Amino acid sequence: MGRAFEYRKATKLKRWGNMARTFTRLGKQIAIAVREGGVDPENNPHLRAVITTAKRENMPKENVDRAIKNAMGKDQQDYKEMAYEGYGPYGIAILVETATDNTTRTVANVRSIFNKYNGTLGTMGSLDFMFTRKAMFTITPKEESMDIDEFILELIDFGVEDEYDFDKEENELTIYGDPKSFSQIQNYLEQNGYEVKAAEFTRISAEEKNLSEEQREIINKMVERFEDDDDVQSVYTNMKPLSDD
């Protein structure tokens with residue numbers, strides 16, 4: 001059951017860099033969530049999810065509150081979520097999610113990194129068939145004897161898939177579902193007293209390519225370059241996780 005979890009750790013390389021960069025990216029997510037659903041977390045599931053992530057990343061509450069307040073200001077940038085897709089070395093598919101107030105700048109930076117690593121930036125939507133978008137929640141089980149399969153069965157009607165990952169050492173259960181069901185899954189977990197440690201969207205590749213250690217290092221360096229850009233939120237590849245070799 002650990003394949004998707006290992007894939008997420010290996011391919012969604014969320015190296016935020018320093019704390020300031022982390023908070024900047026979270027601030028953009030808060031701004032987008034507020035513009036979509038308002039400033040009240042109780043009535044805005046997307047905003048609640050971002051706040052959960054902010055807590056996990058140790059973003060101070062005053063920073064979160066300020067970001068929410070600023071999001072409704074007249075001078076607040078209008079961030080747009082864009083995904084850029086292409087191929088890196090060795091035929092590795094790469095999908096870059098961004099939040100930007102200047103798409104001209106962002107696409108130029110993304111294209112520059114693809115070119116630097118002899119890759120190619122593709123057209124929008126060209127890799128949609130390779131990366132499935134999923135809602136992802138990480139919770140703490142209520143008790144050690146919790147019947148996970150029974151729990152998943154209860155959630156099937158809410159859009160949850162039957163695949164899950166359980167980290168026994170951390171006592172964390174990660175479940176996946178239909179992105180359209182994000183709000184109702186989140187509400188079910190919260191209303192039934194589960195501690196939600198992470199609530200976000202992720203992407204999982206339908207196909208994975210095996211690379212040598214040297215080739216992996218080059219792809220990882222390329223991903224790091226993407227993530228050094230302040231506009232980049234997440235990066236996904238179809239590089240096969242090392243744990244699956």
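Derivation of every value follows stated rules applied to the coordinates shown; laboratory data play no part. Remember, predicted model here, so these are calculated numbers, not experimental data. For neighbour counting, all protein chains shown are included, and Cβ atoms are generated from backbone atoms with ideal geometry for every residue, glycine included.
Expressed in nm², what is the orientationally averaged projection area of the convex hull enclosing the Cα positions of the stretch 175-233?
Orientation-averaged projected area of the Cα hull: 6.3 nm².
Could you give the size of the charge dipole of the stretch 150-227 about its Cα centre, using +1 on the Cβ of each K and R and -1 on the Cβ of each D and E, expressed in debye and rounded to the nearest 20?
400
Can you tell me the dipole magnitude for the chain around its Cα centre, using point charges on the Cβ only (Lys, Arg +1; Asp, Glu -1), in Debye to the nearest 20?
Once rounded to the nearest 20, the dipole reads 1300 debye.
How big is the shadow of the Cα convex hull of the stretch 128-212, averaged over all directions, in nm²?
With the hull built on Cα positions only, its mean projection is 6.8 nm².
With viscosity set to 1.567 mPa s and temperature to 4 °C, compute the Stokes-Einstein D of the chain, Rh being the Kirkwood radius across alpha carbon pairs; µm²/s, no decimals.
It comes out at roughly 68 µm²/s.
For the stretch 51-181, compute the orientation-averaged projected area of the C-alpha convex hull (one quarter of its surface), in nm².
For the stretch 51-181, the mean projected area of the Cα convex hull comes to 11.9 nm².
Anything over 26 Å Cα to Cα? Flag those among LYS61/LYS197; LYS168/LYS197; LYS28/LYS168; LYS116/LYS197; LYS180/LYS221; LYS55/LYS142, in the order listed.
As for pairs spanning more than 26 Å Cα to Cα, those are LYS28/LYS168; LYS116/LYS197; LYS180/LYS221.
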